[in-house]
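Peer 1: Before we start, here is the structure in question, set down as structure tokens.
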């Protein structure tokens, strides 16, 4: 085993790419702390990406309100895409959430386009039959009510296994080479991060068939625990997947 590699549930070196101040790790921070993982973050909106792609076991790419093609407004997106591609080529694990999943899909040459309808709020997802072909897919629940906030969607990259669908979006997740995972939905959301999204992106809460109101989104009765448990299972499955 090469220096720095991890096996099974041993500690991982995790690096996070964060696109805006209000979309951080959420419940993932606690999950990594509980495992004893070492976590570093590049805040792309305020600092250059100078992390070493050879010195990490898991790259986590978070969400954000921008699109993957918005390089004129956010020029750091170009360097971020190159970094993601390098980490994938190196054989490390990668987890992308929402925009992060779209960036991974784009790096893997899958189209990212507008979803027919924005999907914002709490909506059920259902595992696609193909997911049973993946050990990571088998580790995740068959059905779950998840938190969503997206207007774009990704196609499933060539060679990847679809994970979930929802009524508003057929492609809600994928696994590539048993070590790269893209999720269109947010399992990491906490009450605080949901409130931050409502506060910073309130202009997106327009009437629509799959857009809930701020009051519906922030209802304290939502089951955050089920989402966080699913995310914990996913991190555990990723940690066991090893390097290519």
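All of the numbers you see were taken from the coordinates with simple rules; none came from a lab. Quick caveat, the model's predicted, so the values are computed rather than measured. Glycine also receives a Cβ, built like all others from the backbone with ideal geometry; neighbour counts cover every protein chain displayed.
Peer 1: Please rank 169, 201, fewest neighbouring Cβ atoms within 10 Å first, as an exposure proxy. Spell out each step's value before the answer.
Peer 2: On the way: 169 24, 201 15.
Placing the least packed residue first, the sequence is 201, 169.
Peer 1: Out of all Cα-Cα pairs in the chain, roughly what percent, to the nearest whole number, are more than 21 Å apart?
Peer 2: 53
Peer 1: May I ask you to derive the FRET efficiency for residue 45 and residue 69 from their Cβ-Cβ distance with R0 = 25 Å, giving the value to the nearest 0.05?
Peer 2: Step by step, r from the Cβ atoms, then E = 0.90.
Peer 1: Just want to confirm a number: the relative contact order over region 137-244, from Cα pairs under 8 angstrom separated by 6+ residues, in percent.
Peer 2: The value is 28 percent.
Peer 1: Using r as the Cβ-Cβ distance of residue 11 and residue 215, and R0 as 41 Å, what FRET efficiency do you calculate, to the nearest 0.05? Could you put the intermediate results ahead of the total?
Peer 2: Values: r = 41 Å, r/R0 = 1.00.
Efficiency for this residue pair is about 0.50.
Peer 1: Separate question: For residue 34 paired with residue 158, estimate the spin-label separation in nm (one decimal), with each label point 7 Å from Cα along the Cα-to-Cβ line.
Peer 2: Each label point is offset 7 Å from its Cα along the Cβ direction, giving 4.0 nm.
Peer 1: Related question: Once the Cα atoms of helix 191-200 and of the chain are each reduced to a long axis, what angle between those two axes, in degrees from 0 to 90 to the nearest 10, is obtained?
Peer 2: 70
Peer 1: In nm, give the distance between the simple-model label positions of residue 114 and residue 130, each being 7 Å from the Cα along the Cα-to-Cβ direction.
Peer 2: 2.5
Peer 1: I need 189, 72, 42, 113 ordered by Cβ neighbour count within 10 Å, fewest first.
Peer 2: On the way: 189 27, 72 7, 42 19, 113 11.
Sorted ascending by nearby Cβ count, the order is 72, 113, 42, 189.
Peer 1: If neighbour count is taken as other Cβ atoms inside 10 Å, put 66, 231, 11 in order from fewest to most. Could you put the intermediate results ahead of the total?
Peer 2: Working: 66 16, 231 23, 11 13.
In order of increasing Cβ crowding within 10 Å: 11, 66, 231.
Peer 1: Using a basic spin-label model with each label point 7 Å from the Cα along Cα→Cβ, how many nm lie between residue 201 and residue 223?
Peer 2: The modelled label-to-label distance comes out at 2.3 nm.
Peer 1: So what is the calculated 222 nm ellipticity per residue for the chain, using -39500 (n - 2.57) for each DSSP H run with n of 4 or more, over all residues, to the nearest 500 deg cm²/dmol?
Peer 2: Values: 7 runs with 69 residues, N = 244.
Counting only the DSSP helices, I get -8500 deg cm²/dmol.
Peer 1: With a cut-off of 8 Å between alpha carbons and a minimum separation of six or more residues, what is the relative contact order of the chain in percent?
Peer 2: Result for the chain is 21 percent.
Peer 1: Moving to a separate point now. Any idea what angle helix 76-90 forms with the longest principal axis of the chain, computed on alpha-carbon atoms, 0 to 90 degrees, nearest 10?
Peer 2: Compared with the principal axis, the helix lies near 50 degrees.
Peer 1: In degrees between 0 and 90, to the nearest 10, how far off the longest principal axis of the chain does helix 224-241 point, with axes built from Cα atoms?
Peer 2: On a 0 to 90 degree scale, this one is about 20.
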